[in-house]
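One structure is given below, encoded as structure tokens.
Every number in this text was worked out from the coordinates using simple rules, so none of it is lab data. The structure displayed is predicted, hence computed values, not measured ones. All Cβ positions, even for glycine, are placed from backbone atoms using ideal geometry, and neighbour counts span all protein chains on display.
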Amino acid sequence: MTNLVGAYQRKEIREFEKILRDNRATIMDDPFIRTYIDDVLRNIRTQVLLRLIKPYTRIEIPFVSKQLNIPAQEVEDLLVGLVLDNKIVGRIDQVNQRLELYRQSSDTQRYAAIDKWSTTINALYKTCINRVN
């Protein structure tokens with residue numbers, strides 16, 4: 001179990017899966033672990049996926065599938081979840097089996113954050129003025 005936790009913390013998916021496969025009977029005998037192992041596996045795959053796609057603007061889903069050692073459909077499901085959760089900004093080209101990421105410069109992100117901040121301050125100001133009147 002300690003090795004499994006260590007592999008999880010280091011985000012070493014292959015070692016994690018190997019330990020899980022080698023000790024499946026022992027690990028799955030624990031009802032608590034059995035309940036959460038799918039979530040843990042999905043979480044580590046998501047973390048490894050995010051680290052894997054970080055340097056790319058386009059990446060083939062079959063390549064990611066091979067790196068994560070899971071079917072392409074499962075990779076696509078993980079990617080859909082990441083896009084919907086706004087953890088990645090991009091689109092999935094299902095025809096060509098490709099993820100296309102949109103890159104924003106840090107300046108664009110900073111200006112968007114400042115704009116959001118100023119809008120919130122303006123709304124707060126209006127709320128305060130309305131309460132005084």
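Comparing ASP93, ASP22, ASP107, which has the greatest mean-square fluctuation in the GNM of the chain with Cα pairs linked when under 10 Å apart? Comparing ASP93, ASP22, ASP107 in a Gaussian network model of the chain, the most mobile one is ASP107. So which aspartates and glutamates pass the test for LYS66, namely a Cα distance under 12 Å, with those fewer than 8 places away in the same chain ruled out? Result set, ordered by chain and number: GLU74. Across the chain, the longest run free of exposed loop sites, meaning trypsin sites (Lys or Arg not before Pro) lying outside DSSP classes H, G, I, E and B with no more than 16 other Cβ atoms within 10 Å, spans 12-86. Near the amide H of GLY90, within less than 5 Å, lie the amide hydrogens of TYR102, all on another chain or at least 5 residues away, with H placed in the peptide plane. Ordering ILE59, GLY6, GLY90 by the projection of their Cα atoms onto the charge dipole of the stretch 1-109, which places +1 on the Cβ of Lys and Arg and -1 on the Cβ of Asp and Glu, puts ILE59 at the extreme positive end. Qualifying chymotrypsin sites (Phe, Trp or Tyr not before Pro) in the stretch 59-133, where qualification requires a DSSP coil assignment and no more than 16 other C-beta atoms within 10 Å, comprise TYR102.
Can you give me the relative contact order of the chain as a percent, contacts being Cα pairs under 8 Å and 6 or more apart? So the answer I get is 16 percent. In order along the stretch 68-85, the phi-based Karplus estimate (6.51 cos²θ - 1.76 cosθ + 1.60, θ = phi - 60°) of 3J(HN,Hα) comes to 8, 6, 9, x, 4, 4, 5, 4, 4, 4, 4, 5, 4, x, 5, 5, 5, 8 Hz; Gly and Pro are listed as x. Converting phi to 3J(HN,Hα) with the Karplus coefficients 6.51, -1.76 and 1.60 and the offset θ = phi - 60°, the stretch 108-114 yields 4, 5, 5, 5, 5, 5, 5 Hz in sequence order, with x at every glycine or proline. On full extension, the segment bounded by ILE37 and LEU50 gains 2.7 nm, given 0.36 nm per residue less the C-alpha separation. The amide H of ARG98, built 1.01 Å from its N in the peptide plane, has ILE61, ASP93 as neighbours under 5 Å, considering only residues 5 or more places off or on other chains. Cα centroids of the stretch 78-133 and the stretch 1-51: 32 Å apart. Between ALA112 and ALA25, the modelled label-to-label distance comes to 5.2 nm, taking each label 7 Å out from Cα in the direction of the beta carbon.
Label separation (THR2 vs ILE129): 6.4 nm, computed from points 7 Å beyond Cα along the C-beta direction. In order along the stretch 93-103, phi translates into HN-Hα couplings of 8, 6, 5, 8, 6, 9, 9, 10, 9, 9, 9 Hz, rounded to whole numbers, per the Karplus curve 6.51 cos²θ - 1.76 cosθ + 1.60 with θ = phi - 60° and x for Gly and Pro. Divide the volume of the convex hull around the Cα atoms of the chain by the residue count and you get 172 Å³ per residue.
Rounded to the nearest 20, the Cβ-based charge dipole of the stretch 2-102 about its Cα centre (Lys and Arg +1, Asp and Glu -1) stands at 360 debye. Can you list the lysines whose alpha carbon is less than 26 Å from that of LYS116, not counting same-chain residues fewer than 8 positions off? Partners found: LYS54, LYS87, LYS126.
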